[in-house]
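Take a look at the structure below.
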Amino acid sequence: MRGKSVLSAALMAVSLVVVVPSQSSAAPATFTHPGVLVSKPQLDFVRAKVNAGAQPWRGAYDQMLAHPFASLSRVPKPRAVVECGSYSNPNYGCTDEREDALAAYTLSLAWYVTRDDRYAAKAIEIMDAWSATIRDHTNTNAPLQTAWAGSSWPRAAEIIKHVYGNWPNSGRFATMLRDVYLPEVVNGRPATNGNWELSMMEATIGISVFLEDRAVYDKAVSIFRTRVPAYVYLTTDGALPRTPPGSGIDTRDEIISYWQGQSTFVNGLSQETCRDFTHTGYGLAAAAHIAETARHQGQDLWGEVGERLRHAYGLHAKYQLGVEPVPSWLCGGSFKQALGPTTEVAFNALHTRLGIAMTNTQALTERQRPAGTDRLFIGWETLTHAANPS
C-alpha cells in the first residue's frame, strides 16, 4: 500500500506544478497557527466565556464534555487500510477513523479550555496510534472518507502542536497527512456531487496549513473558487448554473440531471438541494470551513463566497423552519432530511462579523443550539463559533 501512496504523491507533485490559481497567489508568506477552522483568538474567547459560565458557550461545552468523544478512557482503533464502500458499505474502519479524528479534535478543545493535560495526552495517543498504523484508504468512498477524517485531524493537530507543544511524534503525523491523506483529496473530483469536492478541499487546505505547504494551499483555494459557484446558484450566473471545470457536464440536460432534476433555479439553490438537505449541509459546511481557515491565514474568501452562502443558508433554513411551504416547482414540493449542525460558522462570519441580516438562518441556528456533532466531520460549532468576534 505504501507504493500506491508514493505514486500518488508523485502524481500530486506533478499536478501542483501546472495548476495555478486564477486570482493571485493565495497562500500566506507565513502561516498562522493554530489556524485550521479555529484560531487562538477565537479559542481564547471561548475559554473565557466557558470559564465565566456564559451561554450558549457553557452549555455547548458541557454537552461536548459529556460526549464519548471527550472520554479519557477512549481506546483508538487504527487500521492499516480503511476500506469504505458507498454509504460506508463495507465499513472496515470508516466509522472508527472518522470518530477517532473527531475525538482528537474534541479532546484538544477540552484541553484548551481546562488546561488539564490528560485531554492533550489522550488526543496525542489517538493521533499517534493512527500515524503509526494507517497506510491507505480503499474502495469507492475512499476520497470522501479521507476528506472527512482529513478535515478533523489538522484541527486537533494544530492546537496540540502549536499551543500544547509537547508532541514528540508530530513529524510522523505530518508524514501521515502528506503520504496517506493528501494524495487522495488534493486533485478533487469535479464530476461528483459537490459535497465531495468541497470536503476534499477542506481536508486539503487544513493539511496544507499544518504542513505549511503553500503550493497545496493555493491548489485548494483554486478549486474552491470554481466549485462554490458551481454548487450554489445566483441569478447573476445566468439561465443555468455554472459547472465544475473538468466535469464534462456541458449541456442543459446534463446540468439539470446533475442538479437532481431541478430545472427552475433561484438564489441559494444548491446542486444537492433536491437530493436532500443533509448532503447540502455537508457541502455548505465544508465551504464555510474553508473560508474560515483562509481567514485565519489572512485571506478573505468570505468576501468571494459570502453572498452565495448567505442565500443558500437562507433558502434552506426557510423551508426547514416551515416559514413557507415548499413550492411545487422546487424538488417536487418537498425536501428530505435536515441541514444538521452546519450553520454556526457561516452565520457567525456573515452575521456577527459582517453584520448581514440572516433572519431565517438565525432562527434555525438558535433553535438548534447547542450544535453538537454529525459524527462525520462537524463538531461543537456553537462552542467555537457562536457570536465569536475574533
May I ask you to verify whether L315 is over 19 Å from the mean Cα position of the chain (by Cα) and buried (at least 21 other Cβ atoms within 10 Å of the Cβ)? yes
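The rows are residues; the columns are (1) farther than 22 Å from L269 by Cβ; (2) among the hydrophobic types (A, V, I, L, M, F, W, C).
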site: T293; (1), (2): yes, no
site: W302; (1), (2): no, yes
site: E307; (1), (2): no, no
site: G340; (1), (2): no, no
Residue among L339, L350, L330, L309 that alone is farther than 23 Å from A386 by Cα, at pLDDT 95 or above and open to solvent by less than 10 Å² (accessible area, probe 1.4 Å): L330
Scan of the stretch 216-257 for residues that are under 21 Å from T280 (Cβ atoms), basic (K, R) and more than 20 Å from the chain's Cα centre (by Cα), ordered by number: R242
If you take the residues of the stretch 372-390 that are open to solvent by 10 Å² or more (accessible area, probe 1.4 Å) and of a type in the set (S, T, Y), which of them is modelled with the highest pLDDT? T373
State all residues of the stretch 252-261 that are in a loop (DSSP other than H, G, I, E, B) and on the phi < 0 side of the Ramachandran plot; if no residue qualifies, say none. W259
Positions within the stretch 261-284 being under 23 Å from the mean Cα position of the chain (by Cα) and among the hydrophobic types (A, V, I, L, M, F, W, C), in sequence order: L269, C274, F277, L284
Contact list, first residue from the stretch 328-343 and over 17 Å from E381 (Cα atoms), second anywhere and surrounded by 16 or more Cβ atoms within 10 Å (Cβ to Cβ) and of a type in the set (D, E), beta-carbon distance below 8 Å, six or more apart or interchain, is F335/D276; K336/D276; Q337/D276
Give the residue that is least open to solvent (accessible area, probe 1.4 Å), with candidates limited to residues of the stretch 360-371 that are in contact (Cβ under 8 Å) with a residue 40 or more places away in the chain and out of contact with any Phe, Trp or Tyr (no Cβ under 9 Å at 6 or more places or on another chain). A363
Based on this model, can you work out whether T264 counts as within 29 Å of G379 (Cα to Cα), touching a Phe, Trp or Tyr at 6+ places or on another chain (Cβ under 8 Å) and not in a helix (DSSP H, G or I)? no
Which residue, of S71, S8, is more than 29 Å from G298 (Cα to Cα), open to solvent by less than 50 Å² (accessible area, probe 1.4 Å) and at pLDDT below 95? S8
Can you confirm whether N388 is under 29 Å from E97 (Cβ atoms) and not β-branched (V, I, T)? yes
Just name the residue that is nearest to E272 (Cα to Cα) out of those in the stretch 205-236 that are of a type in the set (V, I, T) and buried (at least 24 other Cβ atoms within 10 Å of the Cβ). V232
Select from the stretch 319-362 the residues that are under 23 Å from the mean Cα position of the chain (by Cα), of a type in the set (G, A, S) and more than 22 Å from V305 (Cα to Cα) and list them in ascending order. A338
Exactly one of T293, T273, T243 is touching a helix residue (DSSP H, G or I) at 6+ places or on another chain (Cβ under 9 Å), of a type in the set (S, T, Y) and under 24 Å from V38 (Cβ atoms), and that residue is T293
Somewhere in the stretch 56-68, is a residue within 20 Å of the chain's Cα centre (by Cα) and part of a helix (DSSP H, G or I)? yes
The listed residue being under 30 Å from S263 (Cβ atoms) and among the hydrophobic types (A, V, I, L, M, F, W, C), out of A220, A215, A230: A230
Within the stretch 87-124, take every residue that is over 18 Å from H67 (Cα atoms) and outside any loop (DSSP other than H, G, I, E, B) and give me the one that is most open to solvent (accessible area, probe 1.4 Å). Y87
The stretch 265-278 residues that are at negative phi and among the charged types (D, E, K, R), paired with ones that are assigned to a loop (DSSP other than H, G, I, E, B) and open to solvent by less than 30 Å² (accessible area, probe 1.4 Å) (beta carbon under 9 Å, 6 or more apart): E272/W259
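The values are calculated or read from the model by the stated rules, or taken from the named source; none is laboratory data. Because the structure is a prediction, the values reported are computed rather than measured. Quick reminder, even Gly has a Cβ in these numbers, built from the backbone with ideal geometry, and neighbours come from all protein chains shown. What goes into the accessible areas is simple: the full protein's heavy atoms, side chains included, and nothing from ligands, DNA or RNA. Shrake-Rupley method; radii C 1.70, N 1.55, O 1.52, S 1.80 Å.
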